[in-house]
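Notes follow once the structure below has been shown.
The values are calculated or read from the model by the stated rules, or taken from the named source; none is laboratory data. Source: prediction; values computed, not measured. Every residue, glycine as well, gets a Cβ built from its backbone with ideal geometry; the counts of neighbours run over all protein chains shown.
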Amino acid sequence: MSTGRQAILEAFDQLFDAAVGRLSATCTPEERAQARAEFAERMTPILEAAEAAQKLELPASVVGDMRQAIERLSPSDIAGLVASIPLAQRTHELLQAVAFDRARQRLLLHLTEQAEPSPYGGH
């Protein structure tokens, strides 16, 4: 019986192999291990939730469908995906900064509205 974490990481290994084959790339065992570790780090919340599952299986047919989807990617599809990664990362950082700023503004407004009036005028 495999844990949910193991099932997801095993699926990653299979899909990684499919992607390497699709790109006609070569990858050392160390590079493969590094890619797996980086995937696990990025997916920590998902892997932790999967770990809580008593038993999680990804049917071979589902993983097979994902492998076929990788094999059907055209070179322009691959280029578009690679180009979108740094843009998505930067956009995520910008949106976090905007959300933090808005939360700070709402907190300041809330605190200002809650302040007791001063006997000297104003708030």
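If a residue has to be part of a helix (DSSP H, G or I), under 17 Å from Leu81 (Cβ atoms) and touching a residue at least 40 places away in the same chain (Cβ under 8 Å) to count, how many in region 22-47 make the cut? Qualifying residue count, region 22-47: 1. Among the residues of region 55-105, the one identified as touching a residue at least 12 places away in the same chain (Cβ under 8 Å), basic (Lys, Arg) and surrounded by 10 or more Cβ atoms within 10 Å (Cβ to Cβ) is Arg67. Collect the residues in region 22-49 that are small (Gly, Ala, Ser) and in contact with a helix residue (DSSP H, G or I) (Cβ under 9 Å, 6 or more places away or on another chain), keeping them in residue-number order. The answer is Ala25, Ala35, Ala40, Ala49. Selection within region 1-48: residues that are surrounded by 13 or more Cβ atoms within 10 Å (Cβ to Cβ) and among the basic types (Lys, Arg). The member of this set that is modelled with the lowest pLDDT is Arg5. On the stretch given as region 48-74, residues that are in a loop (DSSP other than H, G, I, E, B) and of a type in the set (S, T, N, Q) total 2.
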